[in-house]
1. Which residue in B is nearest the B/A rotation axis when you measure from the C-beta atom, and what is the distance in Å?
2. Could you give me D for the stretch A:130-200, from Stokes-Einstein at 4 °C and 1.567 mPa s, where the hydrodynamic radius is the Kirkwood radius over C-alpha pairs? Units µm² s⁻¹, please.
3. Could you name the lysines in cross-link range of A:Lys59, using Cα to Cα under 26 Å and dropping any fewer than eight places away on the same chain?
4. Using a 1.4 Å probe on the protein heavy atoms, what percent of the accessible area of the stretch B:53-200 belongs to carbon and sulfur?
5. What shape does the stretch B:1-100 have by the C-alpha gyration tensor, where a ≥ b ≥ c are the square roots of the eigenvalues, rounded means a/c under 1.5, and otherwise prolate means a/b greater than b/c and oblate the rest?
6. Starting from the Cα-Cα distance between A:Thr167 and A:Lys25, subtract it from 0.36 nm times their residue separation and give me the gain in nm to one decimal.
7. Explain nothing, just the number: dipole magnitude of the stretch A:55-200 about its Cα centre with +1 on each Lys and Arg Cβ and -1 on each Asp and Glu Cβ, in debye rounded to the nearest 20.
8. Show which aspartates and glutamates lie in cross-link reach of A:Lys25 when reach means a straight Cα distance below 17 angstrom and same-chain residues fewer than eight apart are skipped.
There are 2 protein chains.
Amino acid sequence: MSVTIEYYLDFSSPYSYLAEHRLRKLARSQGLDIEYKPFLLGVIFAEQGHSPAPPGSPKRAYAWRDIDRSAAMLGLPYRRPEPFPFNSMIASRMFYALEESPLRERCGDWVRMVFHTSFADGRDCSDPNELIRIADAMGLDGRGLLEASQEQPIKDRLRAATDEARTRGVFGSPTFFLNGEMFWGTDRIDHIEWRLSQQR
Amino acid sequence: MSVTIEYYLDFSSPYSYLAEHRLRKLARSQGLDIEYKPFLLGVIFAEQGHSPAPPGSPKRAYAWRDIDRSAAMLGLPYRRPEPFPFNSMIASRMFYALEESPLRERCGDWVRMVFHTSFADGRDCSDPNELIRIADAMGLDGRGLLEASQEQPIKDRLRAATDEARTRGVFGSPTFFLNGEMFWGTDRIDHIEWRLSQQR
């Protein structure tokens, strides 16, 4: 029986871009399935009354340097996005519109492409035109996907994913679940590997 | 010329206990010097108006599980301290009293012993009697060290270390500096290793 890793991600999180790459490698080497669950981390931050690394804070300043270094260590292309944070709502809704379509097997590609466009190319993925361009480049119908993403049931799916994340105690992105166990942060992919090795 | 890693630590931080062990191993294998700089992280949290993982928060709940798992991965003994957080002021002042004494080469042992007592034995290192016991077990004069720690110049050293940490952008423990570059968190010892390998 194949093992599934649930991956809660916010498209505007640079650490989640770095994690996506590592997770995909792990999944390939160990035959794992990845279940992508885009959600809106900003909603959860707003509820808790503060962001963990607000603009101007020492933590934010450090995080930028840490992300640069992490990308260099992983050998991944990286450009600091501007503006940041950007609104990931449309990219997330388009994910769920794709998941509800006959082409749902392309959802992983969507995650990859949005992350790459934001954090390797440094382009603004809050912009619907950018997202249409990405979908078209993937051979999808970009404008159709954007329209489908504006239907109420799709909006509700994103809301439900954010509610589900909150209920499960998610407070950051990337967050993973393996057999119900939670792992937070790019570097916790080491812990996932360790847990998998224990269970073998 | 020997390379020095500056290590800002709060004695009440379980992640810093885990880091201390890894850092010591790294220092031994690569011939690095460690400059311990105990400071009061609680002062910095109070200034920023919130703790990053307050009691009752999902992040705090996760952190306890993450620390359990991290200790198991590292093969380190670990007991969740009670009460938590505990006041690390006296342990920190006793460190600086030791550093000002002719026995300053024992400072590394003091860090190790206080961490071990708190997080392997699960004992309360906010208690002066516990700290006297540790010092005595190290062959030091525990009561004398406690008394020395109450002198104004020693109190001032701890205050200065906390001020210095704040000025350098420290917002958590453990935090390391290698050649002026900052690294935050136990798992960033990987990054320090990577940086050292680049500079060789």
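The values are calculated or read from the model by the stated rules, or taken from the named source; none is laboratory data. Everything quoted here is computed from the prediction, not taken from an experiment. Don't worry about glycine lacking a Cβ; one is built from the backbone with ideal geometry, like all the others, and counts go over all protein chains shown. SASA here: full protein model, heavy atoms, side chains in, ligands and nucleic acids out. Shrake-Rupley method; radii C 1.70, N 1.55, O 1.52, S 1.80 Å.
1. That would be B:Asp187, 2, residue then distance in Å.
2. D = 87 µm²/s.
3. B:Lys37, B:Lys59
4. 49
5. In terms of gyration-tensor shape, oblate.
6. The A:Thr167-A:Lys25 span can extend by a further 48.2 nm.
7. That gives the stretch A:55-200 a dipole magnitude of about 460 debye.
8. Counting by Cα, and skipping residues close in sequence, A:Lys25 has these aspartates and glutamates nearby: A:Glu6, A:Asp33, A:Glu35, A:Asp109, A:Asp187, A:Asp190, A:Glu193.
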